[in-house]
Amino acid sequence: MTAQTRTPRLALCADASRAAGEDPIGTAPHWQEVTVLELDVPMWAKLRDVASWTPQQSGVFERMRGKVEAAGAGFGLLMSAPARAGQPLRVRHYQQGNGGYQRRDYQSDLPQTEWAHGLIDTLLEPENLNGWQAVESPASGPDFHVCTHGTVDAACGRYGVPVHAALKAADLRAWRTGHFGGHRFAATAVDLPSGYLWAHLTPELAVQVARREVHPAEVAGHLRGFAGLPPLPQLLDRELLVRYGWDWLRAERWADIDGENVTLRFELDGLKGTARANVSPAPSLKLPGSSHKPDLGDVKQWQLGAVTVEIQATP
């Protein structure tokens, strides 16, 4: 009998990223606002199936394109599993402001198949939210949205599931979340309302970060960036997070980009300042974009030049 030749199993893309020493900073998407749809896990695949969309569902994204072009920033769409399956459609909406993002919760009597209404009413026609029931949001603490979408990439199932379990076991707010980009950073998470995205989390590290029990300097290499800023200013923002510690989460910041020169103006607890630095390309890496395909692609890396911070004198 001739033994059949088996195709070797591909290495997980997250393992390749860690082995190469990839710095994830600058890979956070730039979001002006984020809508989280609470959808049962089987619904995740249906929402991603573009061919099955109704004209209304397709139209949402056409309309959003114009909004994104006008604002210069995108929007986040997250799918999170509700605490109990089979519930009516519920949304969490985050808008940038006051340092990070502000959260508002709403529930409806609509079935989850009407997910397009959640996007229309939060992102396009917010006056429609008057027809939803407002739900009280938590006063403080982080919301961790951990990608556990193993059917999209095996790395997210392998590393995201135990991270989510650890956060829940620690009595922290965490949701199993569908794919939002960045397979090779598994376990990856969106940390709201701070607006930070994290990479290569372990269960222990995720709990420490969520509790802010570790200094940012110790986890800077796990930071993908602040979604409230474009990619290059995310490097300067990380440096200021390290300098000011977790207090930096309260900072309001605005970026100006002139080629490789980045200026970040900020206000933190009454302190006003301006930070400047040059952000230039570093040698790129060749890495897989997926755990399911052997193809390698160029992955950008960045380096931060000398940082100057000027504090505005108070009268």
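The values are calculated or read from the model by the stated rules, or taken from the named source; none is laboratory data. No experiment lies behind these values; they were computed from the predicted model shown. We place every Cβ from the backbone using ideal geometry, glycine too, and count neighbours over all the protein chains shown.
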- Matching residues, segment 59-89, being more than 23 Å from residue 151 (Cβ to Cβ) and among the small types (Gly, Ala, Ser): 59, 66, 70, 71, 72, 73, 74
- Does residue 281 satisfy the condition of being outside any strand (DSSP E or B) and under 30 Å from residue 16 (Cα atoms)? no
- Item | Scope segment 122-171; condition assigned to a helix (DSSP H, G or I), touching a residue at least 12 places away in the same chain (Cβ under 8 Å) and among the charged types (D, E, K, R); matching residues | 158
- Query: Within the group 183, 149, which residue is buried (at least 21 other Cβ atoms within 10 Å of the Cβ), touching a helix residue (DSSP H, G or I) at 6+ places or on another chain (Cβ under 6 Å), within 20 Å of residue 83 (Cα to Cα) and at pLDDT below 95?
  - Reply: 149
- Task: Please indicate, with yes or no, whether at least one residue in segment 246-264 is touching a residue at least 12 places away in the same chain (Cβ under 8 Å), part of a loop (DSSP other than H, G, I, E, B) and closer than 18 Å to residue 32 by Cβ.
- Result: yes
- Task: Might you check whether a residue that is buried (at least 20 other Cβ atoms within 10 Å of the Cβ) and either among the acidic types (Asp, Glu) or farther than 25 Å from residue 155 by Cβ (or both) occurs anywhere in segment 194-214?
- Result: no
- Task: With the condition kept exactly as written, say whether any residue in segment 290-298 is in contact (Cβ under 8 Å) with a residue 24 or more places away in the chain and loosely packed, with under 13 Cβ neighbours inside 10 Å.
- Result: yes
- Qualifying positions in segment 199-244 - outside any loop (DSSP other than H, G, I, E, B), touching a His at 6+ places or on another chain (Cβ under 9 Å), in contact (Cβ under 8 Å) with a residue 60 or more places away in the chain and among the aliphatic types (A, V, I, L, M): 206
- Identify all residues within segment 93-116 that are touching a residue at least 40 places away in the same chain (Cβ under 8 Å) and either touching a strand residue (DSSP E or B) at 6+ places or on another chain (Cβ under 6 Å) or not small (Gly, Ala, Ser) (or both); write none if there are none. 93, 94, 95, 96, 98, 99, 101, 102, 103, 112, 113, 115
- residue 99 vs (1) within 24 Å of residue 241 (Cβ to Cβ); (2) in contact with a Gly (Cβ under 8 Å, 6 or more places away or on another chain): all pass except (2)
- Query: Can you list the helices (runs of 4 or more DSSP H) found entirely within segment 11-90 that contain at least 1 residues being of a type in the set (Ser, Thr, Tyr) and touching a residue at least 24 places away in the same chain (Cβ under 8 Å)?
  - Reply: 13-20
